[in-house]
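All remarks here apply to the structure that follows.
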Amino acid sequence: MFARFEKQIPKLVLAPSFSAVLIFVYAFMAWTVYIAFTKSTIMPMYKLNGVLQFGRLARSPRWETAIENLFIFGILFIVISTVLGLFLAILLDQRIRSEGALRSIFLYPMALSFIVTGTAWKWILNPGTGIEAFVRSWGFSSFKFDWLVNPDFAIYTIVIAGVWQSAGFVMALFLAGLRSVNQEIIYAAMVDGISTRRIYTKIILPSMAPVFMSAVIVLSHLAIKSFDLVVALTGGGPGYQTDLPATFMYAMAFSRGDLGQAAASATVMLMTVVAIIVPYLYSELRSKNG
Amino acid sequence: MVNKKSSAGSIGFVEYLIPKIQRIGIYLVLVVFAAYYLMPLFVMLTTSLKSLEEIRTGSFISLPRGIDLSSWKIAWSEACTGVKCQGLRPYMLNSFLIAVPAVAISTMVGAINGYVLSHWKFRGANLIFGMMLFGCFVPFQVILLPMAIVLGKLGVAGSISGLVLVHVVYGLGFTTLFFRNYFVTVSDEITRAAKIDGAGFFRIFYSIFLPLSAPIFVVTIIWQFTQIWNDFLFGVSFSQAGTQPVTVALNNIVNSTTGVKQYNVDMAAAILAALPTLLVYILAGKYFIRGLTAGAVKG
Amino acid sequence: MRQKILGIVTAVTTFISAGTAFAGPEAEVLHWWTSGGEARSAAALVAEFEANGGTWQDMPVAGGGGDAAMQALRARVLSGNAPTAAQIKGPSIQEWYSQGVLADLDDVAKAEGWDTLLPASIANHMKCGGKYCAAPVNVHRVDWIWANADVLARAGIDMPTTWAEFNSAAKTLLGMGIIPLAHGGQAWQDATVFETVALGIGGPEFFHKAFVELDMSVLGSDTMEAVFDQMRIMRGFVDPNFSGRDWNLATAMVINGEAAFQIMGDWAKGEFTAAGKSPGKDFLCASTPGAGYLYNVDSFAMFAVKGADKIAGQKLLAKLVVGESFQTVFNLNKGSIPARIGTPLDKFDYCARQSAYDMEVASGNDSLLPSYAHGMALRGAQAGAITDVVTNHFNSDMKSSDAVKALVAAIKDSL
């Protein structure tokens, strides 16, 4: 009797969390998808109205820009953060003096929200007040760094600030990874006279595949959720050239009072997330316990 | 096993392989990147020490002519965040009242969830884990309005407890992930042996797993505290007069649209609001890496 | 320490359980007046409210010109925990009313005689289904052009009265190496300039048809194309770094003579005076070229709440907001003019007095118009659809004819 109860304990322990997730994640997602099929304006309405909102979304040039930007931003952000994080981790792992201080410097952006750093970044990147003006004041009068105000390049400044915030965390992941590589293999390789570069590319990095995976997952979740970044840095501008799906959705839902449209864009975003994350989760969980 | 891999020192071999000149190069590169990383903080700090006149006339990237701490005082206790002009002080308290219980609860629940999902698997456990993980990736803007409805139904709309609930729920995915991945590295044989000795579910958790988990607790607590402290979206949506967290107050100081901007006060306020998380990273950064090394990294 | 914790706990619990028995008028007010000047002027209202026995709970949410506040408001209303009063304006008042969540203020309005105290066009914005449901705070004029007096004198130009004059003045300034137009490239600022240009080139009737009635033939007309043409010309008058600039930094450029003109609502005046500049002497104000008057009225809507103390709070608040003393103090600080007719203007500067005079003239000849860029003319979805096109045109090399087509398409699709 008691043993049978005992067997149920793990499930009972997990039950509250799981039901919370069912409601607060899945039921809410369902709610949002439902609203996408209504004509809701400032407040939700529950009368179904077909796929009208998706048609509007498809015709919206602003949404098109937002989606394009998500791909540009997402790919660059993930790749650069990963590469830079790995690079910093490898450098920091060379028995560096004052490693602690440097590590804190690379990690601290993670502790700040963009409400805090947004204004500073805006000044730094603005050609009139920041780097461009600074370098020019040294006499390099032809120096140009105007990405922030250039409609074709503004999205890259979002990448710069985004990488600044997240690469440190990736560095921490990789540093941790580097420090848990089996040292005996490395010593053996050294004894065999294999070059440092080859030790890294052939032994150390391949053994860190799971770290790469964690990094990419953390980064893609940050990329999809990126919101504060854009709001603080460009407000979506110039024009709406740096809009991302999350800012688009927010603008529709809250400044426009166009909930149906917002829900439709949210639905598309959710589908994107599903397309990226679910295959990963599936393969991860299978391979480990298959 | 956990502790075999957690050698906190660096890989010793490199110093044999990398000549001195290259080491200087490494330092140089690191310093350049450190400068890139410190730039925003530098701008914020110097601006907060300047007078408004100096900001209007000078470049943003220049050292202050003198040190003027008055903006800090204003930001802390005098700046107007609305009709009331009490600075950030009262809102800091709200943030602590939200963050401390939310971090504690989500971490504890995550620990026990992780324990179940790594050592007490049942049919469907992986599916449940996957579903919880997926929750981490949902953009929060999507769930704001249904959340508001539910909080209203629960009778905690606008209250601190409502905000704690929200943060706990949306923190569970990550805390569970951290603990589960950490506990997976603990050998199953230990639990099996303990079970044979007659230890139950909770007993094994308390006497075997908890003592092992200090590093992962550090990682989880830092992560959660940062997320919750910096949250603006939930804070602004689910608070009311008297329960607004510090990020909302900061936003009120920094983002007023049709008023005269006091950039020095803005910056001082920004640094003040970020101080708790900054301190956490600076003081516990070492343990953060150690904790990650000890297992959270293994995806 | 322990006492402190106890103190916190009791503070929190009393807070949660507050408001069961009638304890005098009480109001929780959601607003986005958070800057020093605004807060000080709103504090006058709080003082008055409390002098009348009321308890004021402040719920400020700044950001995005009220976007963040609207987000908070929506969450509050959905959770059944609406604030007592909220700063809402324009057609969104009626939008909220249609959701059945606003309270009726008609008895206060009757007792106070709002019908005679408020200009008809403004009163209409405050009414839901024929009854008052909101209280106006002020009237901002949007179609202002500000100038640095010294720069204009040096360039030998007067305040422009037509857009052609503006263009030729701007060319003179460009030749002198002065930025003609200080502008911040944020969507709402682009829209602000756009609507003043539209009013100037198309005239009041065109403006009303296009941005109040959403008349498709007017939106797609050649006049609209001419408006976009003028926007394209003005794009050449701003400096290359205008993107994303806050409006007050643009004002600072006029203050320090880096730029000559700025087109911005009358809240810009506060920046000039804060920098120690006086109107008429250091800086000039005039309506943007062309006839008409674009207003932006801030107001408070009251939400349907339960509890006698809260309802009493709403009524008291509504009464005080329209009262003469608040209307004077607040607007002196904000740069706007009182919404209440007959408020003495002797303490106001000449820009404000001109604004009041122009408003009277405009309301006499049907050219008193709601600002579309500041959410007075259209619902958010429609105004936003226009702004998307305007800002995209201004920040790219889109042709005016394409912009007009995009405008028509966007409005058709905006519900």
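Just so you know, all these numbers are worked out from the coordinates, no wet-lab data involved. Small disclaimer: the values here were computed from a predicted structure and weren't measured. FYI the Cβ positions are ideal-geometry reconstructions off the backbone, even for glycines, and counts take in every protein chain you see.
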*Please say if chain B is rounded, prolate or oblate, where rounded means a/c under 1.5 for a ≥ b ≥ c the square roots of the C-alpha gyration tensor eigenvalues, and otherwise the choice is prolate for a/b larger than b/c and oblate otherwise?*
oblate
*Starting from segment C:150-230, pick out the GluC sites (Glu not before Pro) whose DSSP state is loop and whose Cβ has at most 16 other Cβ atoms within 10 Å.*
C:213
*Where in segment B:102-127 does the label zone of residue A:286 land, with the point 7 angstrom along Cα→C-beta and an amide N cut-off under 19 Å?*
B:123-127
*Estimated [θ] at 222 nm from DSSP helical runs (n ≥ 4, -39500 (n - 2.57)) normalised by residues in chain B, nearest 500*: -21500 deg cm²/dmol
*Can you work out the FRET efficiency for the pair residue C:23 and residue B:100, with r the C-beta to C-beta distance and R0 = 35 Å, to the nearest 0.05?*
0.65
*asked:* For chain A, set up a GNM with springs between Cα atoms under 10 Å and report which of A:151, A:61, A:238 has the largest fluctuation.
replied: A:61
*Under a GNM of chain C (C-alpha, springs under 10 Å), which listed residue has the highest mean-square fluctuation: C:24, C:292, C:364?*
C:364
_Unit charges at the beta carbon, dipole of segment A:216-290: most positive-side option, A:281, A:264, A:233_ = A:281
*asked:* Beyond a 22 Å Cα-Cα separation, which of these cross-linked pairs lie in this structure: A:225/B:84; A:39/C:306; A:47/A:225; C:89/C:315; C:89/C:127; C:310/C:334?
replied: A:225/B:84; A:39/C:306; A:47/A:225; C:310/C:334
*Would you work out if segment A:16-289 is rounded, prolate or oblate? Take a ≥ b ≥ c from the square roots of the eigenvalues of the alpha-carbon gyration tensor; rounded if a/c is under 1.5, else prolate when a/b is larger than b/c, oblate otherwise.*
oblate
*asked:* As I understand it, the dipole of segment A:1-113 uses +1 on the Cβ of Lys and Arg and -1 on the Cβ of Asp and Glu, about the Cα centre. Which of A:90, A:48, A:9 lies farthest toward its positive end?
replied: A:48
_Using a 7 Å offset from the Cα along the Cα-to-Cβ direction at both residue B:121 and residue A:195, what is the distance between the two label points in nm, to one decimal?_
4.3 nm
*asked:* Contact order normalised by length for segment A:16-289, with contacts defined as Cα pairs under 8 Å and 6 or more residues apart; what percent is it?
replied: 32 percent
*Compute the relative contact order of chain C as a whole-number percentage, counting only Cα pairs closer than 8 Å that sit 6 or more residues apart in sequence.*
27 percent
*Cβ-based exposure ranking for C:137, A:274, B:150, in which fewest neighbours within 10 Å come first*: A:274, B:150, C:137
*Going by a ≥ b ≥ c, the root eigenvalues of the Cα gyration tensor, does chain C fall in the rounded group (a/c under 1.5), the prolate group (a/b larger than b/c) or the oblate group?*
prolate
*asked:* Using a 7 Å offset from the Cα along the Cα-to-Cβ direction at both residue C:99 and residue B:210, what is the distance between the two label points in nm, to one decimal?
replied: 4.6 nm
_Using Cβ counts within 10 Å as a stand-in for footprinting exposure, how do A:234, A:117, A:41, C:223 rank, fewest first?_
C:223, A:41, A:117, A:234
*What whole number of Å gives the distance from the Cα centroid of segment A:54-82 to the Cα centroid of segment C:357-415?*
27 Å
*Rounded to the nearest 500, what is chain C's calculated 222 nm mean residue ellipticity when only DSSP H runs of at least 4 contribute -39500 (n - 2.57) each, over all residues?*
-16000 deg cm²/dmol
*What angle do you read, to the nearest 10 degrees and between 0 and 90, between the alpha-carbon axis of helix B:89-119 and the longest principal axis of chain B?*
20 degrees
*Given a Förster radius of 25 Å and the C-beta distance between residue C:154 and residue C:277 as r, what FRET efficiency does 1/(1 + (r/R0)^6) yield to the nearest 0.05?*
0.95
*Roughly how crowded by other chains is peptide A:98-109, in terms of the mean Cβ count from those chains within 10 Å of each of its Cβ atoms?*
6
*With Cα atoms, 0 to 90° folded angle of helix B:214-230 axis to chain B main axis*: 40 degrees
*Under a point-charge model restricted to the Cβ atoms of Lys and Arg (+1) and Asp and Glu (-1), what is the dipole moment magnitude of chain B relative to its Cα centre, in debye to the nearest 20?*
560 debye
*For the protein assembly as shown, report the translational diffusion coefficient in µm²/s to the nearest whole number, using Stokes-Einstein at 25 °C, 0.890 mPa s, and a Kirkwood Rh over Cα pairs.*
82 µm²/s
*For segment C:281-382, give the magnitude of the charge dipole about the Cα centre (Cβ charges: +1 Lys/Arg, -1 Asp/Glu; no others), in debye to the nearest 20.*
460 debye
_Counting only other chains, and only Cβ atoms inside 10 Å, what mean value do you get across the residues of A:27-33?_
5
_21 Å Cα-Cα reach of residue A:144 towards lysines, excluding residues that sit fewer than 8 places from it in its own chain_ = A:122
*Looking at this model, which pairs from A:11/B:195; B:261/C:347; C:131/C:412 are more than 23 angstrom apart at the alpha-carbon?*
B:261/C:347; C:131/C:412
*Taking 1 over the mean of 1/r across every pair of different Cα atoms in segment B:143-194, what Kirkwood radius in Å do you get?*
13.5 Å
_Cα long-axis angle, helix B:20-49 against chain B (0 to 90 degrees, to the nearest 10)_ = 50 degrees
*Got a sec? Charge dipole of the protein assembly as shown, +1 on Cβ for Lys and Arg, -1 for Asp and Glu; which of A:185, A:145, A:221 is way out at the positive end?*
A:185
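Within a 10 angstrom radius of each residue's Cβ in A:176-187, how many Cβ atoms of other chains show up on average? Whole number is fine.
Mean inter-chain Cβ contacts per residue within 10 Å come to 5.
Would you mind calculating the relative contact order of chain B from Cα pairs under 8 angstrom and at least 6 residues apart, reporting the percent as a whole number?
30 percent
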